Structure formats: C-alpha cells, structure tokens
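Before any comments, here is the structure.
Coordinate-derived values only; no laboratory data. All values derive from a computational prediction rather than experimental measurement. Reconstructed Cβ throughout: ideal geometry from the backbone, glycine too, with neighbour counts over all protein chains shown.
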Ligand code: BES
Ligand code: MN
Ligand code: ZN
C-alpha cells in the first residue's frame with residue numbers, strides 16, 4: 001500500500017505556492033482575505049468572479065473547480081457556510097468534500113488552506129487528524145483477489161496551510177496521528193475483506209508473525225490447539241471442532257512503554273467464517289460472515305497505528321481465531337464444555353460462537369495483568385437492531401473506562417454508545433445443566449452476550465465493543481476498518497499524547 005504523505009506549512013503567499021490543486025474553503029458572505037485574496041489575484045480574479053456571478057456562494061457543501069493561476073494548477077473552492085455555524089461536524093463534512101473532489105481530479109498533490117476556516121483552536125488539530133485519516137482511508141482499494149484491480153489514485157502528497165496560531169509541530173503531530181490511524185483502518189479493511197478461503201485462522205497467524213518480524217518492539221506468539229487443550233480452553237476449541245481449519249490464539253505484544261508497565265490489552269473476535277455451525281445460518285447474506293473476524297482485523301489495525309506512532313505504552317493484541325462450521329465433529333446444541341476459567345457452558349446455539357472463543361481469550365489475557373482490556377467483536381445481530389451502523393455497542397464494568405472509550409470515539413468520530421450491563425440481565429443465561437448457557441432469552445441479545453463475557457472479566461477493567469453494525473457496509477459490500485479510529489485515539493490518549 002503506497003501512502004499519501006502529509007505535512008503542515010505556514011504559507012506566506014498563496015499566489016506563489018506551487019501545488020497541483022489548491023483547496024480553498026470559503027465562508028459565505030465573508031469576502032476574500034489572506035490566502036484567498038492572494039490566490040484570487042494569482043488567478044486573475046477568477047474566485048471573485050465566481051462569487052460575483054453567483055456560480056459559487058460558499059454555501060456549506062458547495063464546491064467549484066477553477067483553472068489555476070500563480071503556483072496553483074487548479075483551485076478547488078469549497079463552501080463552508082456561515083462562519084459562526086462552523087463547528088467540528090461542519091469541518092468533517094468539509095474534509096469529506098475536499099477528499100471526494102480532490103480525488104476526482106488527476107492531481108498528485110494538494111494544498112489545503114485550512115487557515116481560511118473559522119474553527120475554535122482546540123478543534124483544528126482534531127480536524128487535521130480527521131483529514132489525514134480520511135484521505136488515507138479513501139485511498140484504500142481491494143486488490144488481493146481481483147485480476148484487474150481498479151487503478152490506484154494519483155494523490156501522493158497533501159500539504160496543509162495552517163494559521164499562525166497553530167504551532168507547526170502540533171499540526172504535524174495531528175497529521176501523523178491521522179495518517180497512522182488511516183493506515184490502521186486500511187490494514188483492518190484489507191484483512192476483513194479477504195474471503196474466508198484465504199483468510200483462515202492460519203492466515204491470520206502468519207500475518208501476525210509478519211507484523212512481528214517487521215518491528216523489533218513487537219513479539220508474536222501463536223498458540224496451537226494442542227497448547228489450548230493443555231490450558232483447558234474447552235470453550236474456544238468447541239468452536240473449531242467442526243472445521244478442518246485448526247483454531248489459533250494469536251498474541252502480539254508491543255513493548256513501547258517501560259518494562260513491567262501494565263499493558264492495555266485488545267482482544268479481537270477472529271471467526272474467519274461463521275456458518276453458524278450445527279445451528280446453521282440461513283443462506284441469505286451468509287457470505288458476509290467472512291467479516292466475522294472484523295474485531296481481530298481492528299486489533300491488527302490499531303496495533304499497526306500504535307507501532308507507527310511509537311506510543312510509549314505497552315499493548316497486547318490477542319486474536320481468537322477459528323472457523324465455525326458444521327460437520328460430524330462439530331459441537332451440537334446441548335453440548336456442555338468447560339472453559340479455561342473452570343466455568344461450564346451449555347451450548348444451546350452453536351451460532352453464538354463469538355462469546356465462546358472470547359471467554360477463553362479473556363481468561364488467558366489475565367496473565368498480562370492488564371491496565372485495561374477491551375474486546376472487539378462482531379458479536380450480535382441484535383446490536384444492529386439496537387444501534388444500526390452509526391454506533392458500536394459499548395459495555396464496560398468500570399465507568400471510567402467506558403467514559404474514556406466514549407470520549408475517544410467522539411474525538412475520532414468513530415462513535416460508540418453505552419448499553420447497560422445490569423445484573424437483572426444476567427439471569428437469562430441460567431442453565432439447568434451447566435454454570436451458564438451461551439444464549440439468553442429472545443430480548444436484549446446484545447446485552448446478554450455482553451453479560452456472558454462479563455463473567456470472565458470480573459477482576460479487571462474490561463470493556464466490550466460490539467461492532468456487528470459498524471465493521472462492514474452491505475452496499476457496496478466492504479469492511480469499514482472500524483473501530484480502528486476509536487481504538488487508536490484511545491491508545492493515544494493512554495499514552496498522554498492527546499492533541
Ligand atoms: N457473527 C454473528 C453476529 C452477526 C450477525 C454479526 C449478523 C453481524 C451480522 C454471531 O456469531 C451470531 O451469529 N450471533 C447470533 C447470536 C444468537 C444465536 C444468540 C445472532 O446475533 O443471531
Ligand atoms: Mn454466529
Ligand atoms: Zn459470529
């Protein structure tokens with residue numbers, strides 16, 4: 001994947017600054033000043049003409065591509081609406097528009113005059129991080145299994161003209177953070193988009209080893225089924241029992257912090273295909289169950305971003321990888337298994353397999369004495385019913401951790417919404433034949449799934465992100481790379497590097 005390079009500059013004279021595409025945001029009714037006036041003069045008054053003729057009125061969402069002048073080959077005018085209504089959300093929309101319109105040109109570089117917008121000073125770095133992340137994520141294309149992939153975009157470099165009020169160092173840091181997050185998003189998309197016959201548990205294990213080889217602060221360990229059996233992971237192994245693909249428990253340790261400092265642990269659901277097992281799913285859209293390792297993909301993506309940013313913290317990424325298939329050796333409804341924790345589970349539905357692999361991975365994670373542990377999983381269809389695709393479902397057994405994750409999601413605009421983990425819901429997991437059943441009643445399926453997981457995390461700061469609705473889009477089909485944005489921001493915050 002070739003990357004777009006980002007940098008921040010203060011531009012003395014926009015008229016002479018060279019670029020293939022000058023991106024000029026303008027507020028409605030504000031006239032032309034500073035860089036805008038310089039560009040206008042350089043292009044022979046083309047901008048003021050467009051305003052006078054009414055071809056462009058700087059309404060929010062409006063855009064106009066003009067021939068360039070001076071050092072700029074093209075000038076892209078972007079409407080920002082009224083200055084006093086321009087907030088973070090409006091700035092994000094502006095970035096989205098800029099990305100869409102710049103990518104529609106053949107420009108290999110762009111110069112974005114973000115210094116023209118009226119934003120509160122604390123919103124500017126956040127906007128720069130968003131711009132870099134979304135530019136990077138927009139450049140993603142899937143190539144792995146198509147013989148003639150669509151051509152790569154032309155854009156190689158984005159320079160941002162920042163106002164004097166923002167130190168260049170800070171602007172550069174925001175761009176670097178966004179770029180790393182965007183790359184992480186693309187890493188996650190690439191893994192999640194792969195078909196189930198390519199991206200098997202073994203494939204994920206090999207990718208992890210590759211990731212470890214490329215980074216001296218990363219060490220990787222893969223636990224095979226034999227080792228998992230010795231550890232007593234009867235729950236995880238019950239999921240791979242029906243498949244020819246052996247399960248893998250993948251551990252990626254990043255040591256960016258002090259030795260012995262407690263790590264932040266990310267645990268990803270890595271079901272490389274979820275047929276439902278003996279509780280077979282209906283046929284419609286079953287292909288989308290190749291995305292059932294989206295949580296695992298986000299662990300890879302967030303780790304890639306953390307490593308790139310050299311975050312001074314310790315992180316452990318754990319991926320519980322398995323394929324859920326029906327066969328003569330598959331687990332059956334009614335089977336009882338013993339998890340690594342010693343708790344027994346009656347498997348009433350083999351399609352509720354995510355929690356079965358996660359509970360053993362969560363028990364295993366205790367050995368790292370985590371400062372926090374977050375699992376990420378395409379866990380329940382019920383989460384899509386509750387929240388749709390805009391928010392990931394969030395559960396936590398500590399309010400502080402929940403608030404940190406909600407804040408990270410807001411900051412990165414990769415949002416989550418908290419749902420309750422009240423005791424009242426726990427009773428639906430009662431079983432006559434084991435310590436618990438793996439499914440609850442008909443209601444609140446996303447909550448009862450989280451309740452199941454919570455029983456394996458009582459001793460530490462734990463949160464669970466249900467990304468069933470946010471991890472991929474149905475039309476056009478494709479992984480979104482979420483919640484890598486949220487996770488990266490969370491890790492950046494833990495490292496004390498907040499923008
Ligand atoms: N991977 C699915 C959840 C899922 C379904 C995510 C559809 C995205 C779209 C999970 O393993 C599953 O099958 N969950 C069941 C649980 C039920 C059997 C209690 C579900 O949601 O139907
Ligand atoms: Mn399932
Ligand atoms: Zn699943």
Expected unfolding gain across residue 146-residue 285 under the 0.36 nm per residue rule, minus the alpha-carbon gap, is 48.0 nm
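For an R0 of 41 angstrom, estimate the FRET efficiency from the Cβ-Cβ distance between residue 473 and residue 33 and round to the nearest 0.05. Intermediate results must be reported in sequence, preceding the final value.
Numbers: r = 41 Å, r/R0 = 0.99.
So the FRET efficiency works out to roughly 0.50.
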Quick calc, residue 458 & residue 432: beta-carbon distance into FRET formula, R0 30 Å, rounding 0.05, result 0.80
Between the Cα axis of helix 294-308 and the main Cα principal axis of the chain, the angle (0 to 90°, nearest 10) is 50 degrees
Helix 201-213 sits off the longest principal axis of the Cα atoms of the chain, rounded to the nearest 10 on a 0 to 90 degree scale, by 50 degrees
Note: segment 5-162, point scatterers on Cα, Debye, no solvent; log10 I/I(0) at q = 0.14, 0.19, 0.21 Å⁻¹ equals -0.65, -1.17, -1.43
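With contacts defined as alpha carbon pairs under 8 Å and 6 or more residues apart, what's the relative contact order of segment 371-481 in percent? Kindly include the intermediate steps, with their values, before the conclusion.
Numbers: 184 pairs, mean separation 49.8, N = 111.
Once divided by the residue count of segment 371-481, the mean separation gives 45 percent.
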At the level of C-alpha centres, the distance separating segment 460-491 and segment 279-310, in angstrom, is 8 Å
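Using the Kirkwood radius built from alpha carbon pairs, what does the Stokes-Einstein equation give as D for segment 415-490 at 37 °C and 0.692 mPa s, in µm² per second? All intermediate terms of the calculation are to be shown ahead of the outcome.
Values: Rh = 14.4 Å.
Value of D from the Cα-based Kirkwood radius: 228 µm²/s.
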For 464-471, 330-337, 155-162, 404-411, ranked highest to lowest by mean beta-carbon neighbours within 10 Å, the order is 464-471, 155-162, 404-411, 330-337
Only helices counted: for the chain, with every DSSP H run of 4 or more residues adding -39500 (n - 2.57) and the sum spread over all residues, [θ] at 222 nm is -10500 deg cm²/dmol
Between residue 258 and residue 156, the two model label points (7 Å from Cα along the beta-carbon direction) sit apart by a distance in nm of 4.5 nm
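Based on a Kirkwood Rh over C-alpha pairs, give the Stokes-Einstein translational diffusion coefficient of segment 186-494 at 10 °C and viscosity 1.306 mPa s in µm²/s. Walk me through the intermediate numbers first.
On the way: Rh = 18.7 Å.
Reported coefficient: 85 µm²/s.
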Length gained, residue 244-residue 206, 0.36 nm per residue minus C-alpha separation, equals 11.9 nm
In whole µm²/s, the translational diffusion coefficient that Stokes-Einstein assigns to segment 15-71, given a Kirkwood hydrodynamic radius over C-alpha pairs, 25 °C and 0.890 mPa s, equals 213 µm²/s
Relative to the chain, whose Cα atoms define the longest principal axis, helix 123-138 and its Cα axis are tilted in degrees, nearest 10, by 70 degrees
Rounded to the nearest 5, the percent of antiparallel DSSP beta bridges in the chain equals 40 percent
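For 273, 300, 433, what ranking results if the residue with the fewest other Cβ atoms within 10 Å of its Cβ goes first? All intermediate terms of the calculation are to be shown ahead of the outcome.
Values: 273 22, 300 28, 433 12.
Ordered from fewest to most neighbouring Cβ atoms within 10 Å, 273, 300, 433 come out as 433, 273, 300.
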If R0 = 35 Å, then residue 417 and residue 9, at their Cβ-Cβ distance, give a FRET efficiency to the nearest 0.05 of 0.35
